[in-house]
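J.: The structure under discussion is supplied below as structure tokens; questions concerning it will follow.
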Amino acid sequence: MDIRIQAIHFDISEKLTAFINKKVDKLLRRYPELNTVEATLRVVKPETAMNKEVVILVVEPQLGDMAATKTADTFEEAVDLALEAVERQLEKRKNR
């Protein structure tokens with residue numbers, strides 16, 4: 001299992017990295033067949049509210065790739081929302 005975290009144009013804190021790893025580990029416990037989870041974090045228009053964007057990409061061999069992009073006031077909130085969206089996608093594909 002591979003977890004990749006990429007911060008675009010800023011330095012990511014250890015606390016945020018630990019938060020993302022913890023959340024992704026929960027997803028991996030529920031879906032052990034996942035190969036790779038990539039999280040890309042970006043600050044969009046720094047002067048406005050709702051400027052933290054997170055893209056979560058999940059690679060699963062049999063079902064294909066799934067992605068979710070969410071924007072929120074904090075990276076933690078955006079990560080939670082994006083992982084929830086990916087989890088819904090996984091549930092839909094699993095039930096087919």
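The values are calculated or read from the model by the stated rules, or taken from the named source; none is laboratory data. Since this is a predicted model, take the numbers as computed values, not measurements. Please note: Cβ atoms are built from the backbone with ideal geometry, for glycine as well, and neighbour counts cover all protein chains shown. Note: areas computed on protein heavy atoms with side chains; ligands, DNA, RNA excluded. Shrake-Rupley method; radii C 1.70, N 1.55, O 1.52, S 1.80 Å.
J.: Return the residue satisfying two criteria in turn: it lies in the range 83-96 and is open to solvent by less than 80 Å² (accessible area, probe 1.4 Å) and of a type in the set (D, E), and of such residues it is modelled with the highest pLDDT.
T.: Filtering first and then ranking leaves E87.
J.: Another question, then. Restricted to the range 14-54, and to residues that are farther than 20 Å from Q89 by Cα and among the acidic types (D, E), which residue is surrounded by the fewest Cβ atoms within 10 Å (Cβ to Cβ)?
T.: Taking the candidates together, the pick is E47.
J.: Could you tell me whether the range 38-53 includes any residue that is assigned to a helix (DSSP H, G or I) and touching a strand residue (DSSP E or B) at 6+ places or on another chain (Cβ under 7 Å)?
T.: For the range 38-53, residues assigned to a helix (DSSP H, G or I) and touching a strand residue (DSSP E or B) at 6+ places or on another chain (Cβ under 7 Å): absent.
J.: Hey, another quick one. Residues D11, D80: which one is modelled with pLDDT under 95 and either open to solvent by 20 Å² or more (accessible area, probe 1.4 Å) or more than 12 Å from the chain's Cα centre (by Cα) (or both)?
T.: The match here is D11.
J.: Which ones in the range 55-77 are buried (at least 16 other Cβ atoms within 10 Å of the Cβ) and assigned to a loop (DSSP other than H, G, I, E, B)?
T.: Selection gives L63 alone.
J.: Taking only pairs six or more apart or across chains, which ones have beta-carbon atoms under 9 Å, a first residue in the range 72-96 that is farther than 18 Å from V43 by Cα, and a second residue that is open to solvent by 20 Å² or more (accessible area, probe 1.4 Å) and of a type in the set (V, I, T)?
T.: Within 9 Å, the pairs are A85/T69.
J.: Are there any pairs, at least 6 apart or on different chains, whose C-beta atoms fall under 6 Å, with the first in the range 8-31 and within 15 Å of V58 (Cβ to Cβ) and touching a residue at least 60 places away in the same chain (Cβ under 8 Å) and the second in a loop (DSSP other than H, G, I, E, B) and open to solvent by less than 40 Å² (accessible area, probe 1.4 Å), and if so, which?
T.: Qualifying pairs under 6 Å: none.
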